[in-house]
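FYI, it's all coordinate maths here, none of it is from the lab. Just so it is clear, the model here is predicted, and its values are computed rather than measured. Note that we place each Cβ from the backbone using ideal geometry, even for glycine, and neighbour counts take in every protein chain shown.
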Amino acid sequence: MASEGTNFNMEAPQFYIPQRALAVFAHCDDVDFGCSGTVARWVEGGAHVTYCIVTDSGAGSNDPKVDLSDLVRVRQAEQRASARAVGVEDVRFFEGYQDGYLEPTLTLRREIARLIRQTRPNIVMTFDPELIITENYINHPDHHAVAMATTHAVFPSAGTRPIFPELLAEGLEPHNVNDVYFVLSHRNNLVVDIGAVIEKKLDALRCHATQIDEATLTMVKEWNANDGKEHGFAFAETFHVVHLHDAPPTE
Ligand SMILES: [Zn+2]
């Protein structure tokens, strides 16, 4: 397994409550647009979820009067509050990555691999690294960069002993992630019913007061309603799940 990246388990992924999950995203609010309904269900089921926000989120305003260093502080407070709205207390902010300039460097990959070995999640969530454009959307380059770095932190870096031996020196043994949940994907294979937690998700989004107004909330609600419609759910989130390891989530 150490050198080959393929798995041959073609069964459709099933929703389950992981013991631990780690969500790695570029900016404050990414996780709430993408998957905080699913996170809310996991937390209600007893999961420990960690959020990791990689950039400083300091480009989240085009208003020339906004103090951008103040914006970093405000947005991090918003993210902590939104995490609490779905029961997540463990929020990590990486330092030294400016909003809008993120690249999938080895340094970033190592930092995410370190966090995976520290938190030992069953499930890692991030953006789909293959999504760059849609019919009417250009994915943010920070989203693409965090997706690339996280995907390759999961495999091979977090699980392979000889990669980043400095992590071993820190006492961090390799860790295999069971599943990766990619958000904003062209090829979803899992639909999660979030009907019972939609208000929690909307409350989490409302915490990002510098970014999100009522029109945006309505838009997200419509996305989640559309995602659920075909499957008989009032609201749903969709993922492309890559199943890597069969180890039971209660391991
Ligand atoms: Zn973003």
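Database remark: amide H of C207 closer than 5 angstrom to no amide H (H placed geometrically; neighbours at sequence offset of 5 or more, or on other chains; Pro and chain starts carry no H). Of the GluC sites (Glu not before Pro) found in the stretch 167-233, those that fall in a DSSP loop while having at most 16 other beta-carbon atoms within 10 Å are E170, E230.
For the chain, give me the percentage of DSSP beta bridges that are antiparallel, rounded to the nearest 5 percent. Spell out each step's value before the answer.
Details: 9 of 27 bridges.
Here the share of antiparallel DSSP bridges comes out near 35 percent.
Kirkwood hydrodynamic radius of the stretch 20-243, from the reciprocal of the average inverse Cα-Cα distance over all distinct pairs: 17.7 Å. Give the shape of the stretch 118-251 as rounded, prolate or oblate, defined through the alpha-carbon gyration tensor: a ≥ b ≥ c are the square roots of its eigenvalues, a/c under 1.5 means rounded, and otherwise the shape is prolate if a/b is larger than b/c and oblate if not. Cα axes put the stretch 118-251 in the prolate bin. Mind listing which GluC sites (Glu not before Pro) in the stretch 37-120 are in a DSSP loop and have 12 or fewer other Cβ atoms within 10 Å? Within the stretch 37-120, the qualifying GluC sites (Glu not before Pro) (loop, at most 12 other Cβ atoms within 10 Å) are E89, E95.
With n ≥ 4 as the cut-off for DSSP H runs, can you work out [θ] at 222 nm for the chain, using -39500 (n - 2.57) per run divided by the number of residues, rounded to the nearest 500? After summing the helix terms and dividing by the residues of the chain, the value is -10500 deg cm²/dmol.
At a threshold of 8 angstrom on Cα-Cα distance, excluding pairs fewer than six apart, so keeping six or more, what relative contact order does the chain reach in percent?
Values: 470 pairs, mean separation 63.4, N = 251.
25 percent.
Can you list which of the DSSP-assigned H helices in the chain have a Cα extent of 24 Å or more along the long axis and an average Kyte-Doolittle score of at least -1.0? Counting only whole DSSP H runs, the qualifying helices are 68-85. Using only the Cα atoms of the stretch 1-113, build the gyration tensor, take square roots of its eigenvalues as a ≥ b ≥ c, and label the shape rounded, prolate or oblate: rounded if a/c is under 1.5, else prolate if a/b is larger than b/c, else oblate. Here the stretch 1-113 falls in the oblate category. Name the shape class, rounded, prolate or oblate, that the alpha-carbon gyration tensor gives for the stretch 19-80, where a ≥ b ≥ c are the square roots of its eigenvalues, rounded holds for a/c under 1.5, and otherwise prolate holds if a/b is larger than b/c and oblate otherwise. The shape class here is prolate.
Could you work out how much longer the chain between A169 and A234 gets when fully extended? Use 0.36 nm per residue separation minus the Cα distance between them, nm to one decimal. If you can, show how the numbers build up before the last one.
Working: separation 65, 0.36 × 65 = 23.40 nm, distance 4.89 nm.
Length difference between fully extended and current span is 18.5 nm.
Note on the stretch 95-170: Cα-only Rg and Dmax are 13.4, 47 Å. Can you pull out the trypsin sites (Lys or Arg not before Pro) in the stretch 157-245 that DSSP calls coil and that have at most 12 other Cβ atoms within 10 Å? Passing both the DSSP loop test and the Cβ count: R187.
Close amide H contacts of N189 (hydrogens built in the peptide plane, cut-off under 5 Å, sequence separation of 5 or more or a different chain): F239, H240, V241. Can you give me the Cα centroid spacing of the stretch 30-91 and the stretch 203-231 in angstrom? About 15 Å separates the Cα centre of the stretch 30-91 from the one of the stretch 203-231.
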